[in-house]
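Have a look at the structure below before the remarks.
The values are calculated or read from the model by the stated rules, or taken from the named source; none is laboratory data. It should be emphasised that the depicted structure is a prediction, and the values quoted were computed from it without experimental measurement. Don't worry about glycine lacking a Cβ; one is built from the backbone with ideal geometry, like all the others, and counts go over all protein chains shown. The protein model used for the area step is the full one, side chains on, heavy atoms only, and it has no ligands, DNA or RNA in it. Shrake-Rupley method; radii C 1.70, N 1.55, O 1.52, S 1.80 Å.
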Amino acid sequence: MGLTLVIDEIITEERTYSFNKTLRVTDVNKAEVTEAYFAIKQIKYLEKESGETFSYTFKNNTSVKEQKDKTKIADIIRRKLKFDGDKKYTKNKQIIASFTQETFKAKETITIKALKKEKRTYYLKVDSGAMGNQMYLVVETKNLNGKKVKLKIHENEKELKLLKSKEAILPVLVFAKKEDKATDTEAKDWIELDIETVKAKDAGAGFYISDDGQDKEVGIKKIQLRPKKDKMASKTEEASKSFEGWAEKLYIREDETEAGKKKKEEEEKKKKEREAETFTTLTRDTDADKKENRKSYPKKISGTSTIEIGKKATYTITKYGKNATEADKKNIRWSLYIKGDAPTKYTVIDSKSKTGLYTYAKMELVNNKNQLTIIFDKALKDKKIQIEPYRNKPDIDQSKKKGGYDYIKSTSIKEKDTPKIAKLDTTKLWIESFSDNSREKEKEFLKGSFFKMKATLCKIDELYFFKKYDEKFSSNKLSESNKTSLVKIFNAISDYYFSEKRCCNLKYIAYMLATVKHETANTFNPISEYGGKKYFERMYDPVLGKSESRKKMAKANGNTKKGDGVKYKGRGFVQLTWYNNYKKMQDKFGINLTKFPEKALEHSLAIKIMIYGSEEGIFTGKKLSDYLNDKKTDYYNARRAINGTDKASSIENYAKKIEKCLKIVKDI
C-alpha cells in the first residue's frame with residue numbers, strides 16, 4: 001500500500017508557486033507475494049573458459065602447417081592432457097588456437113585455454129501440464145526472506161470439472177525436498193513454502209540460479225499433479241479424490257460427444273420399439289414334431305462367436321438337409337443352453353423375453369432362411385452359451401461329434417465395452433497465496449490466464465519405475481543412459497495410445513518392455529539385426545539369396561530388387577524385416593520407411609511398431625490378447641506374438657518383475 005500526496009501550491013515567504021504533480025510514496029519495506037506460478041525445472045550446462053590453462057611440451061619437431069596436421073596433432077595432445085571432468089578440460093578448437101606458428105621444435109611449450117561446464121538450474125514458468133506430471137510451485141516475494149508463504153490450488157469456478165466449488169482445493173502430492181524422487185504425501189489444504197534469497201538471473205519466463213545474479217526472494221515446492229489415491233472406491237465417489245476420478249472427468253468418451261448422444265437416443269428409441277413389438281415367431285404345424293413329418297433337419301448355422309450384452313445377435317440356418325420343404329424351414333424350434341449346465345437344462349426360445357436369459361427374441365424367414373434375432377440378458381455376462389435350431393429335441397452335447405456339430409453355435413457373452421475415448425479435455429487452475437507476515441494476507445494468481453491441466457493416456461510413472469526396477473533387478477541396475485532410453489520409450493507409448501484414443505494395458509506394456517530388455521541386452525536401445533552384408537544378401541535378397549526358396553521368400557515379402565536384402569534387414573525392438581512389413585508400418589505411422597528404413601531404429605517409432613504389431617498379430621498372426629487378458633496372464637506363451645517360444649522363459653521372468661515396476665497413470 002502506498003501513500004499518495006497531491007500538492008496544489010507551494011508558498012514561501014515572498015512568493016506562491018503553483019504545482020500540479022502527484023507524488024506517490026511507496027513503502028519499500030512492504031512484505032508481499034508478487035508472483036505465484038507453476039514451473040518446470042531444467043538443468044543446462046554452459047560451456048565457457050575456466051580462466052585456467054594447460055601446458056604441453058613437444059617431444060619432437062612438429063609441423064602444423066596444413067589443416068589436416070593441425071587436427072591430427074590436436075587429437076594427440078588432447079588425449080595426453082589430464083582433465084578434471086567438467087571442471088577443467090579443453091577441445092581441439094582451443095588446442096589449434098594455441099598453434100601460433102607453423103612448426104614447433106622439440107621441448108617447445110604451448111599454453112592452451114581450459115574450458116569448464118557451468119551448471120545452470122532453471123525454473124521456467126509454464127501455462128500447461130499433463131495430470132500426473134511432476135513440477136514446481138514457485139512464489140516470488142519482497143521482504144519475506146526467512147518467512148513462509150502458503151499456497152492453495154483451485155479450479156476455475158466457471159468451469160468446475162474436478163471440484164465442487166470455487167473454495168474447494170485440488171489435492172496434489174507434495175515433496176518434502178526438491179531433490180526427492182517420490183512421495184506419498186497429499187496436500188489437502190495449504191502448501192507451505194519456505195522463502196529464501198538466492199542469486200538469480202531472469203530467463204524470459206522464469207529465472208536461473210547464478211552466482212553472479214541479483215538477489216531474488218523465492219519459495220519453491222515440488223509437487224505432482226495427482227492425488228494419492230489411484231482408483232475410485234465407487235462410481236459415485238467425488239472425482240477429486242482419486243486419479244481415476246480425475247481421468248474420468250477429463251476423458252470425453254464417444255457416448256458423451258454429440259454424435260454419441262445422438263446414437264444413444266437412437267438406441268433408446270429402438271429399445272422402446274422392441275418393447276412395443278408383439279412376439280414374432282414362425283407358425284408351426286401342430287403335428288410338426290411327428291416322426292413322419294420330420295423329413296429334413298438344419299445342417300449348418302451362422303452366427304456371432306462373441307456378443308456384448310444389449311446388442312443384437314443374429315443366427316441364421318444356412319444349410320438344410322436334402323429335399324427341405326417350406327414346411328421344414330418353418331417348423332423349426334430354437335434352443336438356448338448355458339455351457340456347464342446339465343444337458344437336459346436347455347431353454348426353448350418361445351417367448352419375447354425370459355428373465356435371466358434374454359430380453360428380446362424374434363424368429364422369421366429372411367431370404368427364405370430361418371433366422372433368430374436375440375438380445376442376451378446381463379445375467380449371462382461372461383457365460384458361454386449354445387444356440388441350436390432343432391426338430392423334436394436339441395442335441396446339446398457337442399462331444400458326440402469330433403469338432404462339434406455345424407448346426408450348434410457357441411457364443412461368449414461379454415459385458416458392454418467401455419466407450420472409447422474421443423477427446424482429452426483440460427481444466428483450468430489458479431493459485432491462492434497467504435502469508436501471516438504480509439498485510440495483503442490472501443492474493444489470487446493466474447485468474448486471468450489460468451494454468452491448463454491436460455488429461456493424458458498411459459503416462460508411466462518414470463521415477464517409480466526406475467526405483468522398483470533397481471530393486472527387482474538389483475544385479476543389473478539402470479544406468480543414466482538406460483533411463484534416457486526408457487523415457488523416450490515411455491513418451492512414445494503415451495503418444496501411441498493418445499493417437500489411438502484408448503488406454504494401454506499394463507500387462508502388454510510389461511511384456512513388451514521385458515522383450516525390449518531381452519532383445520537389446522539391457523540397453524533399451526533399438527538395434528540392427530546381427531550380420532554383415534553377405535549374410536543379409538543370402539537371407540533376404542531376391543537375386544543373391546542362398547537358395548531358390550530364399551529368393552522366392554524374398555519376392556513374396558516384397559523384396560524385388562537386388563540390394564533389398566540389405567536395405568530391408570531387421571531393425572528396431574522386434575527386428576522389422578522385409579519390404580512389405582516396412583511398407584505396412586509406413587502406412588500406419590505416415591513415415592517413409594521404404595525410402596528411409598533406418599528410421600525404424602528411432603526409439604519412438606521402434607516401440608510404436610512393436611505395440612502395433614504385437615497387439616494386432618502382424619508379426620506372427622498371434623496377438624498379445626490371446627495370452628494376456630481378463631482370464632489369464634500367460635507371459636510364457638505371449639512370446640508367440642513376436643517370435644515363437646524362443647527365450648520365452650527368460651522373458652516371462654522379466655515380465656513378471658517389470659509388471660510390479662509399472663505404475664500407469666490411467667489403466668482402465
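Put a dot 7 Å past the Cα of I43, heading toward its Cβ, do the same for K300, and the two dots end up 6.8 nm apart. Would you work out if segment 128-179 is rounded, prolate or oblate? Take a ≥ b ≥ c from the square roots of the eigenvalues of the alpha-carbon gyration tensor; rounded if a/c is under 1.5, else prolate when a/b is larger than b/c, oblate otherwise. Oblate, because a/c is 1.5 or more while a/b does not exceed b/c.
Answer with one residue from T141, A168, L115: the one whose Cα lies farthest towards the positive end of the charge dipole of segment 106-171, charges on Cβ with Lys, Arg +1 and Asp, Glu -1. Working it through, the farthest residue towards the positive pole turns out to be L115.
Mean projected area of the Cα convex hull of segment 318-421, taken over all directions, amounts to 8.6 nm². The residues neighbouring T347, those whose beta-carbon lies less than 12 Å from its own, together hold a net charge of -1 under the Lys/Arg +1, Asp/Glu -1 convention.
For A554, what charge total do you get from the other residues with a beta carbon under 9 Å from its beta carbon, if Lys and Arg give +1 and Asp and Glu give -1? With Lys, Arg at +1 and Asp, Glu at -1, the neighbours total +2. Annotation: aspartates and glutamates with alpha-carbon distance below 20 angstrom to K483 (same-chain offsets under eight excluded): E179, D180, D461, E462, D470, E471, D495, E519, E602, E659. Backbone geometry of segment 418-433 corresponds, through the Karplus equation with coefficients 6.51, -1.76 and 1.60 at θ = phi - 60°, to 3J(HN,Hα) couplings of 5, x, 5, 7, 9, 7, 9, 8, 10, 10, 9, 10, 9, 10, 10, 10 Hz, x marking Gly and Pro. Among the listed pairs K152/K229; K178/K467; K231/K262; K199/K443; K65/K105; K148/K188, a Cα-Cα separation exceeding 22 Å is found for K231/K262; K199/K443. As a length-normalised measure over Cα pairs under 8 Å and 6 or more apart, the relative contact order of segment 537-668 settles at 12 percent. Once the chain from E66 to K105 is taken as fully extended at 0.36 nm per residue, the excess over their C-alpha distance is 12.4 nm. The order of the peptides 623-630, 50-57 by mean Cβ neighbours within 10 Å, most packed first, is 623-630, 50-57. Please give the net charge around E217, taking every other residue with its beta carbon less than 9 angstrom from that of E217, where Lys and Arg add +1 and Asp and Glu add -1. With Lys, Arg at +1 and Asp, Glu at -1, the neighbours total -1. Would you work out what percent of the accessible area of the chain, with all protein chains in place, is carbon or sulfur (probe 1.4 Å)? Carbon and sulfur: 45 percent of the exposed surface of the chain. Structural descriptor for segment 498-591: relative contact order 23 percent, calculated from alpha carbon pairs under 8 angstrom and at least 6 residues apart. Nearest 10 degrees, 0 to 90: what angle lies between the long axis of helix 648-659 and the longest principal axis of the chain (Cα atoms)? Tilt relative to the chain: about 60 degrees. Per residue of the chain, the DSSP helices (runs of n ≥ 4 H) give a summed -39500 (n - 2.57) that works out to -7000 deg cm²/dmol at 222 nm. Between the amide H of T620 and any residue lying 5 or more places away or on another chain, no distance stays under 5 Å, with hydrogens modeled in the peptide plane. What is segment 436-544 by shape, rounded, prolate or oblate, if you read a ≥ b ≥ c off the alpha carbon gyration tensor as root eigenvalues and call it rounded for a/c under 1.5, prolate for a/b larger than b/c, and oblate otherwise? Verdict is prolate for segment 436-544. Model label points for A276 and K164, set 7 angstrom from Cα along the Cα-to-Cβ axis, are 4.1 nm apart.
Between E258 and K330, the modelled label-to-label distance comes to 5.0 nm, taking each label 7 Å out from Cα in the direction of the beta carbon.
At a probe radius of 1.4 angstrom, the accessible area of segment 167-211 per residue rounds to 56 square angstrom. Computed over protein heavy atoms with a 1.4 Å probe, the accessible surface of segment 73-115 works out to 65 Å² per residue. Scalar couplings 3J(HN,Hα) for segment 336-345, obtained by applying the Karplus form with A = 6.51, B = -1.76, C = 1.60 to θ = phi - 60°, are 10, 10, 8, 4, x, 6, 4, x, 7, 8 Hz; x denotes Gly and Pro.
Taking all protein chains into account, the per residue accessible area for segment 340-383 stands at 52 Å² (1.4 Å probe).
In the set [x] 45, 31, 22; [y] 42, 35, 24; [z] 66, 44, 20, the label that goes with semi-axes √(5λ) of the Cα gyration tensor in Å computed for this structure is [z].
One decimal place: the segment K311-A182 gains 41.9 nm when fully extended, by the rule 0.36 nm per residue minus the C-alpha distance. Using a ≥ b ≥ c from the Cα gyration tensor of segment 558-668 (square roots of the eigenvalues), is it rounded, prolate or oblate, where a/c under 1.5 gives rounded and otherwise the larger of a/b and b/c decides, a/b for prolate? Here segment 558-668 falls in the prolate category. Among the listed pairs K142/K447; K147/K660; K533/K632; K409/K663, those with a Cα-Cα distance over 31 Å are K147/K660; K533/K632; K409/K663.
Each residue of segment 366-376 was assigned a 3J(HN,Hα) from its phi angle through the Karplus expression (A = 6.51, B = -1.76, C = 1.60, θ = phi - 60°), giving 10, 6, 6, 10, 6, 10, 10, 10, 8, 10, 7 Hz with x at Gly and Pro.
List the residues whose amide H sits under 5 Å from the amide H of K299, counting only those 5 or more places along or on another chain, with H placed 1.01 Å from N in the peptide plane. Amide H to amide H, under 5 Å and 5 or more residues apart or across chains, K299 pairs with K319, Y320, G321.
With contacts taken as Cα pairs under 8 Å and at least 6 residues apart, the chain reaches a relative contact order of 11 percent.
Proximity of backbone amide H atoms, modeled 1.01 Å from N, is registered between C458 and C504, K666 at under 5 Å, excluding neighbours fewer than 5 places apart on the same chain.
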